[in-house]
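The structure appears right after this line, and notes come after that.
The values are calculated or read from the model by the stated rules, or taken from the named source; none is laboratory data. Note that this is a predicted model, so its numbers are computed, not measured. Here the Cβ positions follow ideal geometry from the backbone for every residue, glycine too, while neighbour counts run over all protein chains shown.
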Amino acid sequence: MFANFDFDVIRRSLTYLFFDGMTFTLTLTSLATCGGIIFGTLLAMMRLSGFWLLSRIAGLYVDLMRSLPLVLVIFWFYFLVPYIGQWLTGASRPIRVGAFASSLVTFTLFEAAYFSEIMRAGIQSISRGQPAAAQALGLTYGQTMRYVVLPQAFRNMLPVLLTQTIVLFQDTSLVYVLSIPDFLGAASKVAQRDGRLVEMYLFAALVYFVISCVASFGVRRLQARLAFAR
Amino acid sequence: MLNCSIGENSMKRLRVMGLALAASFCAAQADAEELSGTLRKIKETGVINIGYRDSSIPFSYLDDNQKPIGFAIDICLKIVDAVKKELKLDKLTVEFNPVTSSTRIPLLANGTIDLECGSTTNNPERLKQVAFTNTHFLTATRFISKKSSKLSSIEDLKGKSVASTSGTTNIRQLTEANAARNLGINIIPAKEHAESFLMVETDRAVAAVLDDILLASFAAGSKDPDAYVISSDAFSKPEPYGIMLRKDDPAFKKVADDATSALYRSAEGQKLYDKWFMQKIPPKGLNLNVPIGAELKKAFAKPTDSPDPDFYKSM
Amino acid sequence: MNYHWNWRVFWEPAPSGTGTYLDMLLSGLVLTIETALCAWIIALAFGAVIGVLRTLPSKTASLVGFAYVEFFRNMPLLVQLFLWYFVLPELLPRASGLWLKQLPGAPFYTAAIGIGLFMSARVAEQTRAGISSLPRGQKLAATALGLTTAQTYRYVLLPMAFRIILPPLTSEFLSTIKNTSVALTIGLIELTAEARAMQEFSFQVFEAFTAATVLYLLINIVVVIVMRFVERGVAVPGYITGK
């Protein structure tokens, strides 16, 4: 069954796959996670604030992003971001963004909706006594969030946030639809150029599997340690 | 005394130099003010963005080090030289951006690329959205299939699975022919030309519909070139390839037109053609052996950006 | 902005000869829904079985369930679809492989099975969570009454577990619908692919994608409303899930 397969193609393209493809994927994952969590926390706070308008805007944004397929959002932002940049900076022509910048914007904004739901659950899981005590001590809203509520919420939701990060890592493979060279895109290019689909796709699947497995194992250990620490 | 006179001369010289500098500064400012569109963008950013293709051999493709090379890329680099001279820039950085058949026009419109250097057909419909510079090749839409499938005419494709690349004139012509002649073809869209050919190679589709020069390159570069045959039946007349630029930008178009016109008419243009079509090309040292056709020779002698296939026949 | 707006493009004839651009999008919508439903049926069937396996007392069953879920959760959906579509036919004996490759509608079957199995892992997790959340007394009472394990699951545990997990299952179904868009990479011409084709033929990028966005939002709203009726319909009055 594996007789006429040439697994040597993997060895020959390892540098390209990992230096170009995997660095793109990992950089995108880490930066989008940071941006997504920050923006997501902001959205969660807007949702839980007393102001009806803020709450509605955040709610609509989250619902919109969660109703759309990621593939569609990737297309949207790839073609739209330069125009948005032009509108934001008042320039005379669309701002040129490359593939990486546009993917970063896409994933940050998309995943922020999911992160915001996680952080919202986290903030709501903090007992009412905490912000009440903070208020009694004379802390402002900003100080309460910064020093009392958010640190606890973040620690509580850390395993879920990390699981969502693993999901993000897997979702980055979808930039394939625009021929953007992430890890899967790189594997695909080699596969099509050399006609070695089976070898490259099996290898790509294995790499994704190993990384995700190790990561989710790590998250499970972390979860056990956190549960114990309570 | 001597010191004073030297001092006075120096002062005069300084004043003259200062005035000259001021004048040239004003002139430079005026130049930048007069520039518009792409030329202004290039002058302000010092960067020109070129869109390249993954697998449009030999026009624009990636070599073994994943660097873009090709006939159209070389032509574009000549245009870049002309832009550099026109804008009097010391340094002009060239950045390469990958594009596909379906992303090339939106990316040109939104400013991600300034020139699209590949195998894009110049036709009246696209001219509503973009502009093209002088034609660099003529090619008709044909299909390639394995000799064992014994397909010779378009009618033979009835009821079969046929691949083509999305966003091309080829898939459009295939779709229209399918509807007009009621062929019931199952059209499989692929993301890139290499993928379309791979469908035929792996027997997923019985034929791939693309420009005949691209088909020739794929067949020649495949593991078993003799197994394939390109149909003599064509979906279209030989249509012109052009390098794409943004619409409504006459200044930039003039620079591109002048550069390509000068190139095609010179001996260098002929040498460039031979380099990619009559000699061994990277990465596998393939020689496509496609001598310059009569119509293309005329189009090089009298460079034109006409989208009309009949124009080239009557030249 | 260099862009020419043309909202009337939806009523212009598409080059595929099958009608207007709007018809193109609607046929994509129909294919999206068909694929999503088929995938969901597969996901429910397999997911329920695996979820139950993970809650059984037997260690082997638990391990099998665990391996299954881990296998399908740790690979991106796109990679899984590629394995089914590109790799599987090459690994089979030549004749079967060829038959698979030339099957008309191959992208549809591949997408339905690939997405179905991918989602089944998540349904399995939800089922397991649902069953685990039931009070221990349920199972013990069933054993006391003399029910076998199969009967316990069939008559006592699963009915309540499914009612509990209906809300998360709704969002998994919405996920399935969204995941059908990934199948455009293997040639399934569903809604997002049709929007892309419309963009390529007519050059009206924003109109095409706006239409697709609106249609996805519509599907979402319809599914949420329908599931709300279903939830109310199957709710057991007085129980924690009943309102």
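Being within 15 Å of residue B:56 (Cβ to Cβ) and either over 20 Å from the mean Cα position of the chain (by Cα) or basic (Lys, Arg) (or both) is the filter; apply it to the range B:207-224 and report the residue that is nearest to the other protein chains (Cβ to nearest Cβ). Checked the range B:207-224; the qualifying residue nearest to the other protein chains (Cβ to nearest Cβ) is B:221. If a residue must be under 30 Å from residue A:212 (Cα atoms), modelled with pLDDT under 90 and part of a helix (DSSP H, G or I), how many such residues does the range A:124-150 contain? Counting residues in the range A:124-150 that are under 30 Å from residue A:212 (Cα atoms), modelled with pLDDT under 90 and part of a helix (DSSP H, G or I) gives 1.
When the range C:72-91 is limited to residues that are at the interface with chain A (Cβ under 9 Å from one of its Cβ atoms) and over 19 Å from residue C:121 (Cβ atoms), the one that is surrounded by the fewest Cβ atoms within 10 Å (Cβ to Cβ) turns out to be C:91. Residue B:292 meets each of the listed conditions (1) touching a residue at least 24 places away in the same chain (Cβ under 8 Å); (2) surrounded by 15 or more Cβ atoms within 10 Å (Cβ to Cβ) apart from (1).
Give the residue that is nearest to residue A:179 (Cα to Cα), with candidates limited to residues of the range B:176-187 that are not hydrophobic (A, V, I, L, M, F, W, C) and not in a helix (DSSP H, G or I).
Restricting attention to the range B:176-187, the residues satisfying the condition of being not hydrophobic (A, V, I, L, M, F, W, C) are B:176, B:178, B:181-182, B:184, B:186.
Filter again for not in a helix (DSSP H, G or I), leaving B:181-182, B:184, B:186.
Working: B:181: 33, B:182: 33, B:184: 30, B:186: 24 Å.
The qualifying residue nearest to residue A:179 (Cα to Cα) is B:186.
Only residues that are within 13 Å of chain A (Cβ to nearest Cβ) and farther than 25 Å from residue C:101 by Cβ were counted across the range C:156-190, and they come to 10.
Against the numbered list (1) facing chain C (nearest Cβ under 9 Å); (2) closer than 21 Å to residue C:104 by Cβ; (3) surrounded by fewer than 24 Cβ atoms within 10 Å (Cβ to Cβ), residue B:158 comes up short only at (1).
If I go through the range A:164-176 residue by residue, how many of them are of a type in the set (A, V, I, L, M) and touching a Leu at 6+ places or on another chain (Cβ under 7 Å)?
Taking the range A:164-176 and keeping what is of a type in the set (A, V, I, L, M), we get A:166-168, A:174-175.
Now drop any that are not touching a Leu at 6+ places or on another chain (Cβ under 7 Å), which leaves A:174.
Selection size over the range A:164-176: 1.
Within the range B:295-315, the set of residues being surrounded by fewer than 16 Cβ atoms within 10 Å (Cβ to Cβ), part of a loop (DSSP other than H, G, I, E, B) and either free of Cβ contacts under 8 Å to residues at least 24 places away in the same chain or of a type in the set (Val, Ile, Thr) (or both) comprises B:302, B:314, B:315.
Identify all residues within the range C:186-204 that are within 30 Å of residue C:86 (Cα to Cα) and either in a helix (DSSP H, G or I) or hydroxyl-bearing (Ser, Thr, Tyr) (or both); write none if there are none.
In the first step, residues of the range C:186-204 are kept if they are within 30 Å of residue C:86 (Cα to Cα); the result is C:186-201.
C:186, C:191, C:192, C:193, C:194, C:195, C:196, C:197, C:198, C:199, C:200, C:201 - these are the residues of the range C:186-204 that are within 30 Å of residue C:86 (Cα to Cα) and either in a helix (DSSP H, G or I) or hydroxyl-bearing (Ser, Thr, Tyr) (or both).
So, residue A:191, is that one at the interface with chain C (Cβ under 10 Å from one of its Cβ atoms), crowded, with 22+ Cβ neighbours inside 10 Å and more than 26 Å from the chain's Cα centre (by Cα) or not? Answer is yes for this residue.
Of the helices (runs of 4 or more DSSP H) lying entirely inside the range C:77-148, those carrying at least 1 residues that are modelled with pLDDT under 90 are C:88-91, C:94-101, C:106-132, C:136-144.
With assigned to a helix (DSSP H, G or I), touching a helix residue (DSSP H, G or I) at 6+ places or on another chain (Cβ under 6 Å) and free of Cβ contacts under 8 Å to residues at least 24 places away in the same chain as the only criterion, which of A:205, A:186 stands out? Give the derivation first.
Details: A:186 fails: free of Cβ contacts under 8 Å to residues at least 24 places away in the same chain.
Exactly one of A:205, A:186 is assigned to a helix (DSSP H, G or I), touching a helix residue (DSSP H, G or I) at 6+ places or on another chain (Cβ under 6 Å) and free of Cβ contacts under 8 Å to residues at least 24 places away in the same chain, namely A:205.
Of everything in the range C:33-75, what is within 25 Å of residue A:166 (Cα to Cα) and either outside any helix (DSSP H, G or I) or touching a strand residue (DSSP E or B) at 6+ places or on another chain (Cβ under 8 Å) (or both)? Give them in sequence order. Matches in the range C:33-75: C:74, C:75. Among residues of the range C:97-123 that are more than 9 Å from chain B (Cβ to nearest Cβ) and crowded, with 22+ Cβ neighbours inside 10 Å, those with a beta-carbon under 6 Å from a residue that is of a type in the set (A, V, I, L, M) and not in a helix (DSSP H, G or I) at least six positions away or on a different chain give the pairs C:111/C:188.
Check B:222, B:261 and return the single one that is of a type in the set (Ser, Thr, Tyr) and free of Cβ contacts under 8 Å to residues at least 60 places away in the same chain. Spell out how you get there, then give the answer.
Numbers: B:261 fails: free of Cβ contacts under 8 Å to residues at least 60 places away in the same chain.
Exactly one of B:222, B:261 is of a type in the set (Ser, Thr, Tyr) and free of Cβ contacts under 8 Å to residues at least 60 places away in the same chain, namely B:222.
On the stretch given as the range C:51-98, residues that are touching a Phe, Trp or Tyr at 6+ places or on another chain (Cβ under 7 Å) and either aliphatic (A, V, I, L, M) or under 30 Å from residue C:153 (Cα atoms) (or both) total 10. The set of residues from the range A:97-121 being away from chain B (no Cβ under 14 Å) and either β-branched (Val, Ile, Thr) or not in a helix (DSSP H, G or I) (or both) comprises A:106, A:108, A:118. Checked against (1) away from chain B (no Cβ under 14 Å); (2) in a loop (DSSP other than H, G, I, E, B); (3) crowded, with 18+ Cβ neighbours inside 10 Å, residue C:15 passes all but a single condition, namely (1). Can you tell me which residues in the range B:188-206 are assigned to a loop (DSSP other than H, G, I, E, B), at the interface with chain A (Cβ under 10 Å from one of its Cβ atoms) and either farther than 19 Å from residue B:119 by Cβ or free of Cβ contacts under 8 Å to residues at least 24 places away in the same chain (or both)? B:202, the sole residue that qualifies. Give the residues of the range A:45-87 that are more than 19 Å from the chain's Cα centre (by Cα), within 14 Å of chain C (Cβ to nearest Cβ) and not small (Gly, Ala, Ser), sorted by residue number. Result: A:60, A:79, A:80, A:82, A:83, A:84, A:86, A:87. Would you confirm whether any residue within the range B:64-83 is assigned by TED's automatic domain parsing to the domain that holds residue B:288, modelled with pLDDT under 85 and in contact with a strand residue (DSSP E or B) (Cβ under 8 Å, 6 or more places away or on another chain)? No. All told, residue C:187 meets the bar of being in contact with a strand residue (DSSP E or B) (Cβ under 6 Å, 6 or more places away or on another chain) and in contact (Cβ under 8 Å) with a residue 12 or more places away in the chain. The residues in the range A:36-86 that are aliphatic (A, V, I, L, M) and at pLDDT below 90 can be counted, and the count is 4. Quick one: which of A:23, A:29 is part of a helix (DSSP H, G or I) and touching a residue at least 12 places away in the same chain (Cβ under 8 Å)? Of the residues listed, the single one that is part of a helix (DSSP H, G or I) and touching a residue at least 12 places away in the same chain (Cβ under 8 Å) is A:29. From the set of residues in the range C:191-212 that are buried (at least 21 other Cβ atoms within 10 Å of the Cβ) and away from chain B (no Cβ under 12 Å), which is farthest from residue C:106 (Cα to Cα)? Filtering the range C:191-212 for residues that are buried (at least 21 other Cβ atoms within 10 Å of the Cβ) and away from chain B (no Cβ under 12 Å), the one farthest from residue C:106 (Cα to Cα) comes out as C:211.
List the strands (runs of 3 or more DSSP E) inside the range B:41-142, counting only whole elements, that have at least 2 residues being under 20 Å from residue B:280 (Cα atoms). Write out each step before concluding.
Details: elements: B:47-52, B:60-62, B:93-98, B:130-132, B:137-139.
Fully inside the range B:41-142 and qualifying: B:60-62.
Just one of (1) free of Cβ contacts under 8 Å to residues at least 12 places away in the same chain; (2) in contact with a Ser or Thr (Cβ under 9 Å, 6 or more places away or on another chain) fails for residue C:140. It is (2).
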